[in-house]
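The values are calculated or read from the model by the stated rules, or taken from the named source; none is laboratory data. Worth saying up front: this structure is predicted, and the values here are computed from it rather than measured. Cβ placement follows ideal geometry from the backbone for every residue including glycine, while neighbour counts extend to all protein chains displayed.
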């Protein structure tokens, strides 16, 4: 069935809405913990220095993900990379929700940060470089 210009435009709007929603959820995954640090410290009876590792590892993990996983999208299927990263991100955030200790929470925070770079894989999937010779 041929696609009319209106139907194609509607499909693009849905895709853009999904990408925007995914970006907010993914970005929220590494930012939501910052206002909760005092509560986390009370819950685990942890020092401010120990709790400070949670956002440090999240944002450090994001840097690692950008450096290692985003370029991996040039070597393997971006679709499978995105699916894998979202699955691991979901498991890491579920682990953060039920973490029995500050160490488990910090480790899951690192994995969350690494997989949060999936947003940049989205961008590289839909926007190809203008230079085809580069």
Original post:
Taking region 78-99 only, how many residues are under 13 Å from residue 125 (Cα atoms), in contact with a helix residue (DSSP H, G or I) (Cβ under 9 Å, 6 or more places away or on another chain) and exposed (fewer than 15 other Cβ atoms within 10 Å of the Cβ)?
Top reply: 1
**OP:** Sort through 88, 70, 25, 64 and tell me the only one that's under 15 Å from the mean Cα position of the chain (by Cα), assigned to a helix (DSSP H, G or I), under 17 Å from residue 114 (Cα atoms) and modelled with pLDDT under 85.
**Re:** 25
**OP:** Give me a count of the residues in region 36-49 that are surrounded by 14 or more Cβ atoms within 10 Å (Cβ to Cβ) and closer than 18 Å to residue 95 by Cα.
**Re:** 4
Original post:
Is there a residue in region 115-131 that is under 30 Å from residue 41 (Cα atoms) and free of Cβ contacts under 8 Å to residues at least 24 places away in the same chain?
Top reply: no
Original post:
Does residue 100 qualify as being modelled with pLDDT of 95 or more and not in a helix (DSSP H, G or I)?
Top reply: yes
